[in-house]
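In what follows, a single structure is set out as structure tokens and then discussed.
The values are calculated or read from the model by the stated rules, or taken from the named source; none is laboratory data. Source: prediction; values computed, not measured. Cβ sites come from the backbone with ideal geometry, for glycine too, and all protein chains shown count toward neighbours. Surface accessibility is based on the protein's heavy atoms, side chains included, excluding ligands, DNA and RNA. Shrake-Rupley method; radii C 1.70, N 1.55, O 1.52, S 1.80 Å.
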Amino acid sequence: MSNTSENPKPSSSSAKMTLKTSDNELFEVEEAVAMKFCTVKQYFEDEKDSDVAARGSTTVIPLPNVHSAVLATLISYGKKLPQSNAVADNHEEEETKKKERKKYEQGLLKNLMPGELLDLISAANYLDFKEGLEFFNQALADHIQNKSVEYVRKFFGIKNDYEPHEEEKYREEYAWAFEGVDED
Amino acid sequence: MDQGRRPNKFIANRNNKIYMDLKDIIREHALPFLPAKSLFRFKGVCRDWKLQISTPFFAHNQSNNFHRVMGFFCQSQSKPPSFISLDPNSCGIPDPSLQFLPEPVDIRTSSNGLLCCQGRTGEQPYYICNPATKQWKKLPKPTANHGSNPALVLIFEPSLLNFIAEYKLICAFPSADFDNAYEFEIYSSSEGSWTISREMFFGGAMFMPCSGVHVNGIVYWLSKMGGGGIVFFDLTMERTQRLYSSQNGCLGVMDGKLTVTSAYGQALTVNVLSNSYTNTMGMNSRVKAWDRKLHVNLSDRSELGPLPSYTHSAHDQGAVLFASGDVIVFRCDRALHTYDMKTKEFGRLSCEIDNDVRFFGYVNSLVEI
């Protein structure tokens, strides 16, 4: 989604901000969603303080560490979160929204490759997007929880810095943790 | 690693510094979401991970982040306990028969990674333990006589602010001073002592052991006799009462609310207590206390095999052994089946159980006691 804005927009209840990614794509995002990215929030607030004249005009916030595909997913996830400025729903509306969000989350995770999770986590960390960081880290944990030590090392590119005898000793002492089937 | 379908892969932008940060992020933010067995295994990944996972601070984080019941303890009359895991690769414990404890025990209640067990001989002391880390603690002797089969509920709710695990153990026991009455004695870990409540339950109900659950400061038990139903003790208000409702089944907690799950006819039903204050509302209140949360037909499930018709009366050992969070465990004769409320899938546990089995949900947590 690319959108360059020539004319400054008057601020409205759904004020928008423009975010620019590492591959020079521009994303127009509602302020309420963009503010969930605390890095953006901080930048925006710094800008507001430094230049009174800039207030009301469209600010383009550069995100040199975030790729467009990744940002698109994070924005999409951010939109589905309960908005802090939303009117309080009644119980039924809340339940429906909850179910919708769960369905969206399941769909999102189904289509993600594990490698993409790493990109999303990295970006969510850079953007200081707490909910996104938690959600994608949980998804990553779910992905690795029943994997072997070798898989985990390979996946994260972690070097094994144990001596062979150290590792063998550990595996013996905690043999139960390396077993696939519980022995009763 | 997947090279992706996207032409412009973010990896191309990665320099060593960002990649290092990612590893730190994973270590700090993803690992606390893992169950204990996975974490013990992953200590073997590298030294950094071992260091991270072994700290008390990490254990505190993990007990706050990981809440899923992924395993169950079961125990039949005076046999050693055994352990069933829903995912043997990720959820497990080193010593399923709890031999690390100083004596053979009966498991009484569990809560968020902690078990409360009772010794069989002498003073029959209570032990609180974490079966994943094999840490245990013997509780001081209670003031009152709790009887031979106490109705106990362990209450442990991990909290970000409490670095040291704080828990309570409440026992409902027949009063020695009054007929047809129950008294309550509560152990508080922060105080290290037992207190007998001034509040008593009169009404000829019998609090069922192994049935109790804790929700929002209120402990509920199934009751036998005196009309059946559910009785509760409100820890905050220090008040005990019968819950006026015709519900019966396995008590549980889902989405922070009390639920009752039963297998009747050829279906599983979950009812949730949406209004816990109906007891105190006016006579003409039309507020419905219970909502139906779930109704699952079992008759068209060939994978369950031939089903007995669930027509157990309310007071018999129910077919539903566990129903909290997203998981329901129910029995068909001696076989155990599971139903996942999130994925809507049925499963079968590869073990057989006795009729008189006591069944406890377990969270694979690293919590330190």
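Placing one equal scatterer on every Cα of segment A:135-183 and applying the Debye formula, the log10 ratio I(q)/I(0) at q = 0.29 Å⁻¹ is -1.12.
Taking a 22 Å limit on the Cα-Cα distance, which of the listed pairs A:Lys80/B:Lys37; A:Lys41/A:Lys80; A:Lys16/A:Lys41; A:Lys20/A:Lys154 fall beyond it? In this structure, A:Lys80/B:Lys37; A:Lys20/A:Lys154 exceed 22 Å between Cα atoms.
Using a probe of 1.4 angstrom and keeping all protein chains present, the accessible surface of segment A:93-167 works out to 53 square angstrom per residue. Summarised as an ellipsoid, chain B has semi-axes of 37, 26, 21 Å, derived from the eigenvalues of the Cα gyration tensor scaled by 5 and square-rooted, with the largest first. Can you give the longest stretch of chain B with no exposed loop site, where a site means trypsin sites (Lys or Arg not before Pro) in a DSSP loop (not H, G, I, E or B) with at most 14 other C-beta atoms within 10 Å? Excluding the exposed sites themselves, the longest stretch runs over B:6-119.
Compared with the alpha-carbon gap, the fully stretched path from B:Asp234 to B:Gln77 is longer by 53.5 nm at 0.36 nm per residue. When the P(r) is computed for segment B:8-144, the part past 22 Å accounts for 49% of the Cα-Cα pairs. Post the alpha-carbon centroid distance, segment A:90-114 to segment B:194-220, in whole angstrom. Rounded to whole Å, the Cα centres lie 37 Å apart.
Spin-label pair B:Leu161-A:Gln83: with each label point 7 Å from Cα along the Cα-Cβ axis, the two points sit 3.3 nm from one another.
Per-residue ellipticity at 222 nm, computed for chain B from helices alone with -39500 (n - 2.57) per DSSP H run of at least four residues, works out to -2500 deg cm²/dmol. Which values of log₁₀ I(q)/I(0), to two decimal places, follow from the Debye formula for segment B:318-369 at q = 0.25 Å⁻¹ with a uniform point scatterer at every Cα? Calculated log10 I(q)/I(0) at the listed q: -1.01.
Our compactness index for segment A:87-132, the C-alpha radius of gyration over the empirical 2.2 N^0.38 Å, is 1.49. Extent along the principal axes, Cα only, for segment B:94-140: 27, 19, 15 Å, with the longest axis given first. Volume per residue of the convex hull around the Cα atoms, evaluated for segment B:151-253, comes out as 100 Å³. Could you tell me what % of all Cα pairs in segment B:192-239 have separations over 13 Å? More than 13 Å apart: 60 percent of the Cα pairs in segment B:192-239. Highest GNM mean-square fluctuation among B:Val253, B:Val219, B:Val45, for chain B modelled with Cα contacts below 10 Å: B:Val45. What's the whole-number percent of alpha carbon pairs in segment B:98-202 lying beyond 21 angstrom? The share of Cα pairs beyond 21 Å in segment B:98-202 comes to 35 percent.
Put simply, the convex hull of the Cα atoms in segment B:42-100 casts, on average, a shadow of 5.3 nm². Figure legend: label point modelled 7 angstrom from the Cα of B:Glu368 along Cα→Cβ; residues of segment B:147-174 with amide N under 12 Å from it are B:163-165.
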